[in-house]
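> Sharing a structure below in structure tokens format, with a few things to ask.
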Amino acid sequence: MTSEANRTGAPAPADRAKSLAWLADREAQRQTQQTVDAFATDWRSGGLHRRLDAAFATAPDRSAEVTAEAVRSLLEGDWLDSLIVGLADMLRSDPFAEPPFPAIYSDIHKGLMVYESPDVSLAIGAINIAQLAAKKSAHRGATSIGFTGRMSVLKFVDAGDALLSFWEAPPIGAGFSATSAGRCVRTGERRLADGDVLVVDGRRQAYVIEQARANILLLQAEIARDQAPVGVEYDSGSLSYVGCNANDDGASRIQMMATLLRKLDCSAAFPVMAALLDHPDFFVRWHVMRELIGIDARAALPHLRTMAALDPHDDVRATAGATLAHLEQVVGDRKAA
């Protein structure tokens, strides 16, 4: 007989009663939390996690390529089965427990971040074929091809008979600029089989899921070591450069904070912000300079002159020079007035 939950998508009365009882029972909630905490402790102190720590251990001379090879060797093991079985056992023992891992999701992908270190993050996730098809059919024009700017290692546990296309573009380096971005080119395609492992250097390589016949279950490792300052997108129709985005969360936070301080007209923050003009990321340096001009254009002039003359990035120097000429004229006109 079909249950109410199956007919309407809503919980059956018995399930609702259990949920309400659990929400009213502080002791039951504490027991659930203890179950989750125990699982997290076992995972962090267990052999699997120690193997991950050893494989992804930070070393000064460890390149992204060397780290990727270590990741590849680990992903070819069967430790994922043990993790999934453990999670399933925990959820069966307590239906109110939740996996002790950060959730990740997009319009086609949902997963769990099961491991993070300064250099490597590892997630398990699923790509929903229906959502993938809906996304592709919804587009009426060209889409984008994304180059992440970092090395990735992917194991397609259940490949869903997916067909991937592969792309290459000029390498993304510290001196990246729109003028040097060039165009991306298609280099081939591949039909995936269950268990396939791919290493993708997102600083110059990308892939696109063209089609799939079933949901895709994958392990994905992202390697932060030696990553490019930005990820880059190309138009899938013209194959030309579309835009870029920061790869480092710290860089994004600096930009956000600089804008907030300018909006608050916080002149007291000017010296602190000016100290960020030697940040290693070119886009951070220019963003901070723009906000300094917004706070106090006259005080920003000496810094702008230095940037126009000495900044190591061609685009930043050129933009600073053009801004300097305009700003000196504005300041001069104000003096004359």
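No value in this document is a laboratory result; all are computed from the given coordinates. The structure presented is a predicted model; accordingly, all values stated were derived computationally and were not measured. Positions of Cβ are generated from backbone atoms using ideal geometry, with glycine treated the same way; all protein chains shown enter the neighbour counts.
> What's the Cα-based Rg to Rh of the stretch 148-213, Rh via Kirkwood?
Ratio of gyration radius to Kirkwood radius for the stretch 148-213: 1.05.
> Provide the per-residue ³J(HN,Hα) series for the stretch 33-39, in order, calculated from phi with Karplus coefficients 6.51, -1.76, 1.60 and θ = phi - 60°, each as a whole number of Hz, with x at glycine and proline positions.
Couplings: 5, 4, 4, 5, 4, 5, 5 Hz.
> Where does each of 207-220, 33-46 land if you order them by average Cβ count within 10 Å, highest first?
207-220, 33-46
> Please give the net charge around LEU219, taking every other residue with its beta carbon less than 12 angstrom from that of LEU219, where Lys and Arg add +1 and Asp and Glu add -1.
With Lys, Arg at +1 and Asp, Glu at -1, the net is -4.
> Give me the aspartates and glutamates in straight-line cross-link reach of LYS135: C-alpha distance below 17 Å, same-chain residues under 8 apart excluded.
Cα-Cα hits under 17 Å: ASP107, GLU210, ASP235.
> Continuing with the same structure: Which value in Å does the Kirkwood hydrodynamic radius of the stretch 249-336 take, with 1/r averaged over all unlike C-alpha pairs and then inverted?
Values: mean 1/r = 0.0766 Å⁻¹.
About 13.1 Å, per the Kirkwood formula over Cα pairs.
> Still on this structure: Between ALA24 and SER45, what is the label-point separation in nm under the 7 Å Cα-to-beta-carbon projection?
3.7
> Under 16 Å from the Cα of LYS18, which lysines turn up, not counting those fewer than eight places away in the same chain?
none
> Report Rg/Rh for the stretch 107-158, rounded to two decimals, where Rg is the Cα radius of gyration and Rh the Kirkwood radius.
1.03
> By per-residue mean of other Cβ atoms within 10 Å, what is the highest-first order of 256-269, 119-132? Walk me through the numbers before you get to the answer.
Details: 256-269: 14.4, 119-132: 18.8.
So the order, starting with the most tightly packed, is 119-132, 256-269.
> Taking the stretch 255-318, which chymotrypsin sites (Phe, Trp or Tyr not before Pro) meet the DSSP loop condition and have no more than 15 other C-beta atoms within 10 Å?
none
> Quick one: helix 297-310 against the long Cα principal axis of the chain, what's the angle to the nearest 10°, folded into 0 to 90?
Roughly 90 degrees, rounded to the nearest 10.
> Note the angle between two axes, namely the Cα long axis of helix 129-138 and the longest principal axis of the Cα atoms of the chain, as a number of degrees from 0 to 90, rounded to the nearest 10.
40
> Cα to Cα, under 17 Å, and not fewer than 8 places away if on the same chain: which aspartates and glutamates meet these conditions relative to LYS263?
Here the aspartates and glutamates satisfying the reach criterion relative to LYS263 are GLU291, ASP296.
> What percent does the relative contact order of the chain come to when contacts are Cα pairs within less than 8 Å and at least six residues apart?
Values: 524 pairs, mean separation 47.2, N = 337.
Taking the mean separation of contacting Cα pairs over the length of the chain, I get 14 percent.
> Related question: Mean residue ellipticity at 222 nm from the helices of the chain, using -39,500 (n - 2.57) per DSSP H segment of n ≥ 4 over the full residue count, to the nearest 500 deg cm²/dmol?
-14500 deg cm²/dmol
> On the Cα set of the stretch 51-195, report Rg and Dmax in Å, please.
Using the Cα atoms of the stretch 51-195, the pair Rg, Dmax is 18.2, 58 Å.
> On to the next question. Which of the peptides 94-107, 148-161 is most tightly packed, and how do the rest follow, going by the mean number of other Cβ atoms within 10 Å of each residue?
Highest mean packing first, the order is 148-161, 94-107.
> Where in the stretch 62-109 are there GluC sites (Glu not before Pro) that are in a DSSP coil and have at most 14 other Cβ atoms within 10 angstrom of their Cβ?
When the GluC sites (Glu not before Pro) of the stretch 62-109 are filtered for loop state and at most 14 Cβ neighbours within 10 Å, GLU76 remain.
> Could you work out the pair-distance distribution P(r) of the stretch 143-259 from its alpha-carbon pairs, with 10 angstrom bin width and percents rounded to whole numbers?
Spelled out bin by bin, the stretch 143-259 gives 14, 40, 33, 12, 2 percent.
> I'd like the orientation of helix 249-263 relative to the chain: the angle between its Cα long axis and the longest Cα principal axis, in ° from 0 to 90, rounded to 10.
50
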